[in-house]
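> Just passing along the structure, written as structure tokens.
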Amino acid sequence: MANKRDYYEVLGIDKSADKDTIKKAYRKLAIKYHPDRNPGDKDAEEHFKEATEAYEVLSDDQKRPIYDQYGFAGLEGMGGGNQGYSHAFHDFSDIFGSGDGGFSDIFENLFGGGFGGSSRSRRDTNEGATLRYDLEIDFKDAVYGCKKDIHFRHNETCPKCHGSGGEAGSNLKTCSTCRGTGQIRRNAGFFAVQQTCPTCQGEGTIIDHPCSECHGSGVQPKEKVMTISIPAGVDDGKRISIPHQGDAGKKGGASGDLIIVIHVREDKFFERDGYNLYCAVPISISQAALGADISITTLDNRRITLKIPAGTTQGKLLRIKEEGVPYVNSSRKGDLFIKVVVQLPTKLSRQQIAVMQEYAKLENATTSPSLIPLASLSR
């Protein structure tokens with residue numbers, strides 16, 4: 001990836017893309033190439049940095065038009081990545097969870113500390129990362145709740161050293177790189193920025209005899225399977241926090257949390273608006289004109305009776321109370337709204353034609369109707 005690619009090509013979008021499209025494209029790539037999901041994968045890390053740089057420019061109202069007109073050369077001298085990566089961080093800190101081990105950590109590791117905030121304290125560096133897990137579920141499962149098994153990878157306390165990071169009898173000594181401060185300074189153009197010491201990871205001290213199992217970190221990566229309960233009524237984008245199931249803290253630090261982000265698949269026949277459900281059913285001309293009792297299938301595959309009033313018009317919404325989405329952690333439910341679709345017959349038998357002709361005579365419909373005010377029509 002030595003040669004820079006066009007920013008629009010990097011995000012896989014058209015030059016006419018709006019901000020929302022740019023944001024969604026970057027979010028998808030950021031999740032895919034996040035270093036936590038691709039440990040040790042340098043190519044993924046480069047893709048992550050490339051996507052972030054592209055988003056930083058294309059989402060900026062000042063930089064984007066300059067890039068569109070002059071390309072990469074036009075961006076030279078506009079402040080580099082200092083303000084830009086901070087801008088990307090503020091827009092997307094919620095993608096990987098906030099706080100320790102989240103998006104801000106990735107920016108500090110990849111682009112140096114001091115972007116968008118102060119460096120983390122030594123005590124903070126021992127706290128485990130909060131992890132994010134994206135879970136896709138069916139529409140029906142979101143409405144009525146379900147249980148799901150999730151498989152994820154996180155750091156657990158090292159069983160050999162019990163999180164201390166050192167062999168039995170080992171001692172701490174002052175880090176020679178930062179001289180015990182936990183921070184190093186480096187020049188970045190006109191700026192001097194602080195960065196967490198890479199040798200001691202901000203501790204200011206190092207262990208003289210690191211644990212042979214965890215190499216001094218106090219944690220080891222482990223695969224974990226967990227069954228989680230999805231409450232009835234959750235909506236797309238809902239976050240479920242599971243305390244202390246993220247990465248274990250280093251050297252006795254507190255464990256982070258596991259954030260489950262719910263993504264709900266669309267249903268073929270039902271839509272949702274808040275706690276109300278919507279669907280559509282076809283009826284015949286005679287059922288619309290005369291009224292009828294029809295049987296419809298609910299989202300949970302029950303058969304219920306829907307009363308069609310006489311004179312029902314095309315597109316009318318009929319409501320069945322408390323057949324909608326359950327309120328989360330409540331006995332309340334929304335309503336079910338059914339849109340009526342009056343189906344016109346495309347082929348008529350001779351008998352049907354004769355009946356319709358007789359009805360037309362009785363109806364005596366005008367052939368010169370007056371216009372109807374649009375405001376009187378429901379949209």
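> Quote the Stokes-Einstein diffusion coefficient, in whole µm² s⁻¹, for the range 262-373, based on the Kirkwood radius over alpha carbon pairs, a temperature of 4 °C and a viscosity of 1.567 mPa s.
After rounding, the answer is 77 µm²/s.
> Using a 1.4 angstrom probe on the protein heavy atoms only, line up Phe269, Phe152 by accessible area, largest first.
Phe269, Phe152
> For Lys307, list the lysines whose Cα falls under 19 Å from its own Cα; do not include residues on the same chain fewer than 8 positions away.
Lys316, Lys321, Lys339
> How many angstrom lie between the C-alpha centres of the range 3-46 and the range 294-334?
Answer, in whole Å: 43.
> Please work out whether the range 130-249 counts as rounded, prolate or oblate from its C-alpha gyration tensor, where a ≥ b ≥ c are the square roots of the eigenvalues and a/c under 1.5 means rounded, while otherwise a/b larger than b/c means prolate and anything else oblate?
Verdict is oblate for the range 130-249.
> Within the range 20-72, what whole-number % of the accessible surface is contributed by carbon and sulfur, with the 1.4 Å probe and all protein chains included in the calculation?
47
> Two decimals, Cα atoms only, Kirkwood Rh: what is Rg/Rh over the range 217-260?
That ratio is 1.08, to two decimals.
> Just how much of Thr205 is accessible, in Å², when a 1.4 Å probe is used and the result is rounded to the nearest 10?
50
> Which lysines have a Cα less than 28 Å from the Cα of Lys49, not counting those fewer than 8 places away in the same chain?
Straight-distance partners of Lys49: Lys4, Lys15, Lys19, Lys23, Lys24, Lys28, Lys32, Lys63, Lys222, Lys238, Lys250.
> To the nearest 10 square angstrom, how much accessible area does Cys178 have with a 1.4 angstrom probe?
My reading of the accessible area for Cys178 is about 10 Å².
> With no solvent and one point per C-alpha, what does the Debye sum give as log10 I(q)/I(0) for the range 1-75 at q = 0.18 Å⁻¹?
Here log10 of I(q) over I(0) equals -0.69.
> Sequence-distant or interchain residues sharing an amide H contact under 5 Å with Ile283, placed H: which?
The answer is Val341, Val342, Gln343.
> If you count the DSSP beta bridges with both ends in the range 265-379, what percent of them are antiparallel, to the nearest 5?
Roughly 65 percent of the DSSP beta bridges within the range 265-379 come out antiparallel.
> Residues of the range 237-349: accessible area per residue at 1.4 Å, in Å²?
Accessible area per residue: 60 Å².
> With viscosity set to 0.692 mPa s and temperature to 37 °C, compute the Stokes-Einstein D of the range 167-319, Rh being the Kirkwood radius across alpha carbon pairs; µm²/s, no decimals.
146
The values are calculated or read from the model by the stated rules, or taken from the named source; none is laboratory data. If you're wondering where the values come from, they're calculated on a predicted model, not measured in any experiment. Please note that ligands, DNA and RNA were not included when accessible areas were found on the heavy atoms of the full protein model with its side chains. Shrake-Rupley method; radii C 1.70, N 1.55, O 1.52, S 1.80 Å.
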